[in-house]
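Enquirer: Here it is, the structure, as structure tokens.
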Protein chains: 2
Amino acid sequence: MSKKAPIPLKDSCVEAAREVIAEKGLEALSLREVARKLGVSHQAPYRHYPSRDHLLAAVMARCFEDFRMHLESRPTSVDAEHDLGELGRAYLQYANDHPLEYRLMFSTPWPAPAEHPDLVRNAVFAFDVLRNVLRLLAGTMPPEEIDQRALFIWSCVHGLCGIRTGDVMQHLAIAPSVTDLPGEQVLAMISLAMRPV
Amino acid sequence: MSKKAPIPLKDSCVEAAREVIAEKGLEALSLREVARKLGVSHQAPYRHYPSRDHLLAAVMARCFEDFRMHLESRPTSVDAEHDLGELGRAYLQYANDHPLEYRLMFSTPWPAPAEHPDLVRNAVFAFDVLRNVLRLLAGTMPPEEIDQRALFIWSCVHGLCGIRTGDVMQHLAIAPSVTDLPGEQVLAMISLAMRPV
DNA sequence: GTCTAATGTAGACACTGTCAACAACGTCGA
DNA sequence: TCGACGTTGTTGACAGTGTCTACATTAGAC
């Protein structure tokens with residue numbers, strides 16, 4: 001028990017904020033609610049985060065970190081093409097298991113990002129996971145073309161996740177069997193599109 | 001000049017709300033701001049919309065209506081496959097020209113949708129545009145399979161739009177030439193995937 | 001010990017959504 | 001004509017929020 005670490009308030013705030021978002025939605029996130037949850041005065045969090053947006057940025061940065069770690073912990077494979085498929089599956093699974101976090105990262109207006117380098121950095125790190133796989137898969141390919149393929153693949157997978165985690169989907173009267181299906185279909189099509197190098 | 005229509009406040013509110021969102025973002029949308037913009041008391045909008053969420057739902061419903069009209073005004077084509085391509089182009093163009101509206105429709109938490117049938121109805125109408133094209137393209141195909149294909153196509157196109165209109169994109173240090181490219185690529189791949197009926 | 005910086009507290013302000021009471025207004029039946 | 005009535009808009013109030021300022025506490029360095 002290191003005496004020096006009673007979980008600093010700065011970290012507790014991020015955790016509490018995630019709970020508030022999970023329980024009552026992003027709209028209901030307020031510094032005062034976080035303070036109440038932690039049993040401190042309404043100004044205590046303000047000492048560590050200059051504004052609500054800074055706390056939100058910290059939460060989002062944490063999400064990107066978790067997301068990257070989840071992607072990197074996918075089943076390993078030496079075959080680059082197969083590895084790309086595993087990456088896609090890991091991506092789909094994360095969005096399915098953590099819809100709130102997914103929405104936060106990709107469907108929420110970023111809070112004045114120039115002031116939050118951590119957020120930007122962690123987001124780039126997550127995207128780099130895909131870049132690295134493609135670099136192995138494509139061998140000697142100009143970086144620009146790698147990014148182009150990455151963007152294409154990301155688009156296809158993100159589209160499905162964005163629709164699934166969004167609100168529109170719930171009200172289109174589409175059968176659940178239909179909803180669940182296209183995951184593997186999208187992945188198969190991506191690997192098809194990557195073939196003719 | 002019909003004496004009876006000095007633009008009812010109810011409609012003006014939606015228009016003013018769209019302006020506020022365009023100028024200051026969704027977060028800054030408030031009934032009071034709308035009232036100020038229209039030069040009425042802070043409670044006047046409240047007479048027409050029981051809550052801020054109801055006004056927001058009206059704005060979103062209007063967006064879906066505009067979106068559907070834009071899709072339906074695409075260049076006509078008798079060839080169903082070519083028509084699907086035109087639909088995709090129209091979709092991409094709308095998201096490109098109206099990123100705020102696109103975000104509002106597909107990346108914003110819906111305000112208690114059960115209470116806003118207009119919103120749901122207009123969203124379904126927009127999705128029906130795609131359904132109808134596929135119905136023509138696919139001939140006699142069970143509705144479930146049509147929805148499955150619609151979801152697949154929508155995923156691919158929406159993914160690109162969602163990424164383009166999102167905030168993540170702006171900070172990944174990707175060359176603009178790369179960003180602009182995959183539009184036609186995605187469409188080509190969709191038509192490829194639709195081929196082997 | 002004392003000085004200092006970090007950390008947390010208390011109070012105030014403007015802003016917001018929302019509720020309740022009230023005023024202006026046209027409409028319609030007597 | 002007139003008065004009851006529903007519609008629309010106004011005014012005032014309340015709690016909740018972000019944020020500013022001033023103050024208290026506390027731990028560590030000298």
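Enquirer: Quickly run through segment A:155-174 and pick out the residues that are β-branched (Val, Ile, Thr) and in contact with a Pro (Cβ under 8 Å, 6 or more places away or on another chain).
Expert: Of everything in segment A:155-174, just one residue is β-branched (Val, Ile, Thr) and in contact with a Pro (Cβ under 8 Å, 6 or more places away or on another chain), namely A:165.
Enquirer: May I ask you to say which residue of A:155, A:191 is assigned to a helix (DSSP H, G or I), touching a Leu at 6+ places or on another chain (Cβ under 8 Å) and more than 7 Å from chain B (Cβ to nearest Cβ)?
Expert: Just one listed residue meets the conditions, A:191.
Enquirer: Another question, then. Taking only segment A:110-129 into account, find how many residues are surrounded by 15 or more Cβ atoms within 10 Å (Cβ to Cβ) and under 12 Å from residue A:60 (Cβ atoms).
Expert: Count: 9.
Enquirer: Then there is this: Quick one: residue A:18 ticks every box in (1) surrounded by 13 or more Cβ atoms within 10 Å (Cβ to Cβ); (2) at pLDDT 95 or above; (3) within 9 Å of DNA strand C (Cβ to nearest atom) bar one, so which box is it?
Expert: Single failed check for residue A:18: (3).
Enquirer: Would you confirm whether or not segment B:31-38 contains a residue that is farther than 18 Å from residue B:122 by Cα, assigned to a loop (DSSP other than H, G, I, E, B), aliphatic (A, V, I, L, M) and within 16 Å of DNA strand C (Cβ to nearest atom)?
Expert: Within segment B:31-38, not a single residue is farther than 18 Å from residue B:122 by Cα, assigned to a loop (DSSP other than H, G, I, E, B), aliphatic (A, V, I, L, M) and within 16 Å of DNA strand C (Cβ to nearest atom).
Enquirer: If you don't mind, another one. Testing residue A:62 on (1) within 15 Å of DNA strand C (Cβ to nearest atom); (2) away from every other protein chain (no Cβ under 14 Å), one condition comes back false. Which one is that?
Expert: (1)
Enquirer: Name the residue, out of A:104, A:56, A:87, that is buried (at least 16 other Cβ atoms within 10 Å of the Cβ), assigned by TED's automatic domain parsing to the domain that holds residue A:179, within 13 Å of DNA strand D (Cβ to nearest atom) and part of a helix (DSSP H, G or I).
Expert: A:56
Enquirer: What about residue B:68, is it touching a helix residue (DSSP H, G or I) at 6+ places or on another chain (Cβ under 9 Å), open to solvent by 70 Å² or more (accessible area, probe 1.4 Å) and either part of a helix (DSSP H, G or I) or modelled with pLDDT of 95 or more (or both)?
Expert: Answer is no for this residue.
Enquirer: Of all residues in segment A:129-152, which are in contact (Cβ under 8 Å) with a residue 24 or more places away in the chain, within 12 Å of chain B (Cβ to nearest Cβ) and of a type outside the set (Lys, Arg)?
Expert: A:130, A:152, listed by residue number.
Enquirer: Among the polar types (S, T, N, Q) and either within 14 Å of DNA strand C (Cβ to nearest atom) or over 22 Å from residue A:158 (Cβ atoms) (or both): does that describe residue A:51?
Expert: Against the criterion (among the polar types (S, T, N, Q) and either within 14 Å of DNA strand C (Cβ to nearest atom) or over 22 Å from residue A:158 (Cβ atoms) (or both)), residue A:51 qualifies.
Enquirer: Within segment A:39-53, restricting attention to residues that are within 14 Å of another protein chain (Cβ to nearest Cβ) and part of a helix (DSSP H, G or I), which residue is farthest from DNA strand D (Cβ to nearest atom)?
Expert: A:53
Enquirer: Would you point out which residue out of B:95, B:61, B:123 is away from DNA strand D (no atom under 16 Å from the Cβ), over 15 Å from residue A:167 (Cβ atoms), in contact (Cβ under 8 Å) with a residue 24 or more places away in the chain and within 11 Å of the chain's Cα centre (by Cα)?
Expert: B:95
Enquirer: Could you tell me which numbered condition residue A:194 fails, if it satisfies all but one of (1) more than 16 Å from the chain's Cα centre (by Cα); (2) buried (at least 22 other Cβ atoms within 10 Å of the Cβ)?
Expert: If we test residue A:194 against (1) more than 16 Å from the chain's Cα centre (by Cα); (2) buried (at least 22 other Cβ atoms within 10 Å of the Cβ), just (2) comes out false.
Enquirer: Can you find a residue that is surrounded by fewer than 21 Cβ atoms within 10 Å (Cβ to Cβ) and touching a Cys at 6+ places or on another chain (Cβ under 8 Å) anywhere in segment A:173-184?
Expert: No, because not a single residue in segment A:173-184 is surrounded by fewer than 21 Cβ atoms within 10 Å (Cβ to Cβ) and touching a Cys at 6+ places or on another chain (Cβ under 8 Å).
Enquirer: Just for segment A:21-30: of the residues that are away from DNA strand C (no atom under 12 Å from the Cβ) and open to solvent by 70 Å² or more (accessible area, probe 1.4 Å), which one is nearest to the other protein chains (Cβ to nearest Cβ)?
Expert: Per the criteria, the residue is A:24.
The values are calculated or read from the model by the stated rules, or taken from the named source; none is laboratory data. Predicted model only: the values in this text are computed from it and were never measured. Reconstructed Cβ throughout: ideal geometry from the backbone, glycine too, with neighbour counts over all protein chains shown. Calculation scope for accessible area: heavy atoms of the full protein, side chains included, ligands and nucleic acids excluded. Shrake-Rupley method; radii C 1.70, N 1.55, O 1.52, S 1.80 Å.
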